[in-house]
Amino acid sequence: MAKKIGVLTSGGDAPGMNAAVRAVARAALSKNMEVLGIQRGYLGLLNRDYINMSARTVSGIIQRGGTCLYTARCPEFRNMDGVLKAKGVCEELGLEGIVVIGGDGSFRGAGDLSSVGIPCIGIPGTIDNDIQCTEYTIGYDTAMNTAMEAIDKLRDSAQSHDRCSIVEVMGRKAGFIAVNVAIAVGAEAVITLERPYDLDSIAAKMIKTRDSKEGKHHFIIVVAEGVGQTENISRTLQEMTGIESRVTVLGHIQRGGSPTLRDRVIATEMGYHAVELLDQGIGNRIVGLKDGKVYDIDIQEGLAMQKPFLDERYDIFYDTAY
Ligand code: ADP
Ligand code: F6P
């Protein structure tokens, strides 16, 4: 009998999740598997909220942001009662494996479900790129490009008004988006949780540059949301420098939009790899990118890893800032 598998998206949405869903469905169908698209993550699994997927169900979604399977957060799944209830639903539906596209919280759930006998494969889908065992998470590239384009626009206005534009970017506790975007927009400073920052020296440099012969009068400062101090930073720098400041929180705009080529291609490779694992009866794995290649790792081992910060890139940013 052909295998029957499920695919779901969980946690925060990310551009490129649709490309991953499409790849999972198409790869599975080409192996004569049946595919159920479980809607609204683990919540939908518990509620038997699913659609039968055909090759046409995933037509025309590769270029779309968001997730056609919807996503949700499901507190019930955080305890074993919820996980065992989900196991019962999987058995009732005849599911022999599930591909979970989400972040580390979703992977903990996938590990729990694997431990009770339902093989699950995690695919990293989050704009934050904060999953330890992978160099890349789906949505990261698109989100950074969205932030870059938005800040290019903010610079026009900051320049016209001789202002300092303080821009908060997403990333949860991680500063990966912040550092790359700061380089790409030619920002004057970047502030993240991973490295200490000193507003006195940022302000001193702004004043020195403004008062120099060539006179620079507008500034862009990128702040990672995890720092949690964006308004304070703006107020303090304005007081220290006398340069008028404006805060822009880019927010959920970074989660939307058509995925970039990089996100579509990596999502497709990861989706394909996840199906290959389930086809071999392998579960409890996270698919990731290592040295630029798709690989897989045990879920618990993957979640226990430490992810290095972009230290070298951070230093290059400051050495080339202004
Ligand atoms: P992300 O997957 O993006 O990190 P969340 O942390 O919100 O997003 O997790 C998504 C869902 O995964 C949660 O709503 C919950 O159903 C499940 N989940 C999160 N943490 C755990 C956990 N420790 N154990 C089991 N399931 C979890
Ligand atoms: O994990 C993705 C992310 O967008 C983070 O960057 C941000 O901190 C969080 O999700 C916002 O979550 P919510 O969708 O609950 O507002």
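The values are calculated or read from the model by the stated rules, or taken from the named source; none is laboratory data. If you're wondering where the values come from, they're calculated on a predicted model, not measured in any experiment. All Cβ positions, even for glycine, are placed from backbone atoms using ideal geometry, and neighbour counts span all protein chains on display.
Which one is surrounded by the most Cβ atoms within 10 Å (Cβ to Cβ) among residues in segment 220-267 that are in contact with a helix residue (DSSP H, G or I) (Cβ under 8 Å, 6 or more places away or on another chain) and among the basic types (Lys, Arg)? If we take residues in segment 220-267 being in contact with a helix residue (DSSP H, G or I) (Cβ under 8 Å, 6 or more places away or on another chain) and among the basic types (Lys, Arg), then Arg264 is surrounded by the most Cβ atoms within 10 Å (Cβ to Cβ). Against the test of being part of a strand (DSSP E or B) and more than 16 Å from ligand 2 (Cβ to nearest atom), the options Leu45, Leu36 yield a single qualifying residue, Leu36. Restricting segment 135-151 to residues that are away from ligand 1 (no atom under 13 Å from the Cβ) and not in a helix (DSSP H, G or I), the residue that is surrounded by the fewest Cβ atoms within 10 Å (Cβ to Cβ) is Glu135. Residue count for segment 99-118 under the criterion of being of a type in the set (Phe, Trp, Tyr) and more than 16 Å from ligand 2 (Cβ to nearest atom): the result is 0. Taking the condition over 21 Å from Ala147 (Cβ atoms) and either surrounded by 20 or more Cβ atoms within 10 Å (Cβ to Cβ) or small (Gly, Ala, Ser) (or both), does Leu303 pass? No, not satisfied. Assessment of segment 154-163 against the conditions (among the aliphatic types (A, V, I, L, M) and within 25 Å of Ile202 (Cβ to Cβ)) yields at least one matching residue. Asp49 falls short on exactly one of the conditions (1) within 16 Å of ligand 1 (Cβ to nearest atom); (2) out of contact with any Leu (no Cβ under 6 Å at 6 or more places or on another chain); (3) touching a residue at least 12 places away in the same chain (Cβ under 8 Å), and that condition is (3). For segment 228-280, name all the residues that are under 12 Å from Ser165 (Cα atoms) and part of a helix (DSSP H, G or I). Correct list: Thr230, Glu231, Ile233, Ser234, Arg235, Leu237, Gln238. For Gly122, the test of being under 20 Å from Asp298 (Cβ atoms), assigned to a strand (DSSP E or B) and either in contact (Cβ under 8 Å) with a residue 24 or more places away in the chain or more than 10 Å from ligand 1 (Cβ to nearest atom) (or both) is passed. Of the residues making up segment 1-22, those that are assigned to a loop (DSSP other than H, G, I, E, B) and either more than 13 Å from ligand 2 (Cβ to nearest atom) or buried (at least 24 other Cβ atoms within 10 Å of the Cβ) (or both) are Met1, Ala2, Lys3, Ser10, Asp13, Ala14, Pro15, Gly16.
The test for being surrounded by 16 or more Cβ atoms within 10 Å (Cβ to Cβ) and either of a type in the set (A, V, I, L, M, F, W, C) or at pLDDT below 95 (or both) does not hold for Ile207. Exactly one residue among Ile286, Ile297, Ile316 is within 16 Å of ligand 1 (Cβ to nearest atom) and in contact (Cβ under 8 Å) with a residue 40 or more places away in the chain, and that residue is Ile286. Of the residues examined, Cys90 is one that is assigned to a helix (DSSP H, G or I) and under 19 Å from Ala28 (Cα atoms).
Tell me yes or no: at least one residue of segment 6-18 is over 25 Å from His252 (Cβ atoms) and within 16 Å of ligand 1 (Cβ to nearest atom). Yes: one or more hits. With the requirement that a residue be surrounded by fewer than 22 Cβ atoms within 10 Å (Cβ to Cβ), closer than 12 Å to Gly6 by Cβ and among the aliphatic types (A, V, I, L, M), what does segment 82-118 give you? Val89, Leu93 - these are the residues of segment 82-118 that are surrounded by fewer than 22 Cβ atoms within 10 Å (Cβ to Cβ), closer than 12 Å to Gly6 by Cβ and among the aliphatic types (A, V, I, L, M). In segment 58-76, the residue that is nearest to Gly44 (Cα to Cα) out of those that are within 16 Å of ligand 2 (Cβ to nearest atom) and either small (Gly, Ala, Ser) or in a helix (DSSP H, G or I) (or both) is Ala72.
Cβ-Cβ distances below 9 Å connect the following pairs, each with a first residue in segment 98-109 that is more than 7 Å from ligand 1 (Cβ to nearest atom), a second residue that is aromatic (Phe, Trp, Tyr) and at pLDDT 95 or above, and a separation of six or more residues or different chains: Val100/Tyr42; Val100/Phe107.
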